[in-house]
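Novice: Okay, here's the structure, questions in a sec.
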Amino acid sequence: MQQRNKVYFLSDFHLGSPKGEVSLLREKKIVRFLQSIENDAKQIFLLGDIFDFWFEYKRVVPKGYVRLLGQLASMTDKGIKIDFFCGNHDLWQRDYFSKELNITVHTQKTEEILIDGKTFLLGHGDGLDSKDFKYLFIRYIFRNPISKAIFTSLPATIGIALANFWSSASRKAHKEIDFKSLGDKEPIVLFCKKYLQEHKVDYFIFGHRHLITDVNIDNKARYINTGSWFDRNPYAVWDGKELKLQEFEE
């Protein structure tokens, strides 16, 4: 049996977007990718916005995604560790992933993870621009327990319909900027540079921006953005010695 020694990083599947049949094709492709790495993966980090919307009521979760969820459950049953970082589209988690799928859920912006002696700073990538006061305020409102309680009080049909409308509106508003590089002014790049002033990190890996990125940060670390699965199939993989940014080819 092949040794499981690789760590995979993926983000921004946005399942559910823009409509069911298109999302289903993307979901099936993602499942095929996950099946292709079952024999060598020891850990998988899902870095947010896996779903275009996710909200867990006490006894209700969003309809669909059974292929992906079943595949993830099958992988954790085989001993593959899976970590999920909440994104700005799928931030409202309870305990469904941890109890039903045995997945570790991370709700903080970033977290340092030590892998094979190397320090990885991981997160979805939203909320890292300290000057984007508008977004930071919105992020605070959506993550506030009071907001969550108010949303929970809505009937699931109404709440999910509203959330899907907000997700769609947000995506359309940011569609152009999501695929446009800002070069040295990229907020995540600026964040990485500032973080390195006080911390030692070997690799920064984020999603959120939908831009496949692999850049050197001040000759001290690498920043990789795993992009989105809307039109390409990107992922990063660590084999114990080297980190590579690749694309799934069927």
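The values are calculated or read from the model by the stated rules, or taken from the named source; none is laboratory data. All values derive from a computational prediction rather than experimental measurement. Cβ: placed from backbone, ideal geometry, glycine included. Neighbour counts: every protein chain shown.
Novice: Could you identify the single residue in Gln71, Gln3, Gln43 that is assigned to a helix (DSSP H, G or I) and either within 26 Å of Asp116 (Cα to Cα) or not aliphatic (A, V, I, L, M) (or both)?
Specialist: The match here is Gln71.
Novice: Give Val60, Val22 a once-over and let me know the one that is part of a helix (DSSP H, G or I) and surrounded by fewer than 17 Cβ atoms within 10 Å (Cβ to Cβ).
Specialist: Just a single option satisfies the conditions, and that option is Val22.
Novice: Please specify each residue of region 60-78 satisfying the condition of being basic (Lys, Arg) and closer than 16 Å to Lys29 by Cβ.
Specialist: Once the filter is applied, which keeps residues that are basic (Lys, Arg) and closer than 16 Å to Lys29 by Cβ, region 60-78 yields only Arg67.
Novice: Is one or more of the residues making up region 118-128 part of a loop (DSSP other than H, G, I, E, B), of a type outside the set (S, T, N, Q), modelled with pLDDT of 90 or more and more than 18 Å from the chain's Cα centre (by Cα)?
Specialist: Checked against the condition, which is being part of a loop (DSSP other than H, G, I, E, B), of a type outside the set (S, T, N, Q), modelled with pLDDT of 90 or more and more than 18 Å from the chain's Cα centre (by Cα), region 118-128 yields no hits at all.
Novice: Is it the case, given these coordinates, that Ser17 is among the hydroxyl-bearing types (Ser, Thr, Tyr) and loosely packed, with under 14 Cβ neighbours inside 10 Å?
Specialist: Against the criterion (among the hydroxyl-bearing types (Ser, Thr, Tyr) and loosely packed, with under 14 Cβ neighbours inside 10 Å), Ser17 does not qualify.
Novice: Quick one: how many residues across region 74-111 are within 13 Å of the chain's Cα centre (by Cα), in a loop (DSSP other than H, G, I, E, B) and surrounded by 15 or more Cβ atoms within 10 Å (Cβ to Cβ)?
Specialist: Going through region 74-111 one residue at a time, the tally reaches 7.
Novice: Shifting gears a bit: Restricting the search to region 227-250, which residues are surrounded by fewer than 18 Cβ atoms within 10 Å (Cβ to Cβ) and not hydrophobic (A, V, I, L, M, F, W, C)?
Specialist: Asp231, Arg232, Asp239, Gly240, Lys241, Glu242, Lys244, Gln246, Glu247, Glu249, Glu250 - these are the residues of region 227-250 that are surrounded by fewer than 18 Cβ atoms within 10 Å (Cβ to Cβ) and not hydrophobic (A, V, I, L, M, F, W, C).
Novice: In region 208-249, which residues are under 12 Å from the mean Cα position of the chain (by Cα), farther than 18 Å from Ile37 by Cβ and of a type outside the set (S, T, N, Q)?
Specialist: Once the filter is applied, which keeps residues that are under 12 Å from the mean Cα position of the chain (by Cα), farther than 18 Å from Ile37 by Cβ and of a type outside the set (S, T, N, Q), region 208-249 yields His208, Arg209, His210.
Novice: Could you identify the single residue in Gln35, Gln71 that is crowded, with 17+ Cβ neighbours inside 10 Å, farther than 19 Å from Phe206 by Cα and more than 16 Å from the chain's Cα centre (by Cα)?
Specialist: Going through Gln35, Gln71 in turn, the sole match is Gln71.
Novice: Is one or more of the residues making up region 44-57 of a type in the set (Val, Ile, Thr) and at pLDDT 90 or above?
Specialist: The answer is yes; a qualifying residue exists.
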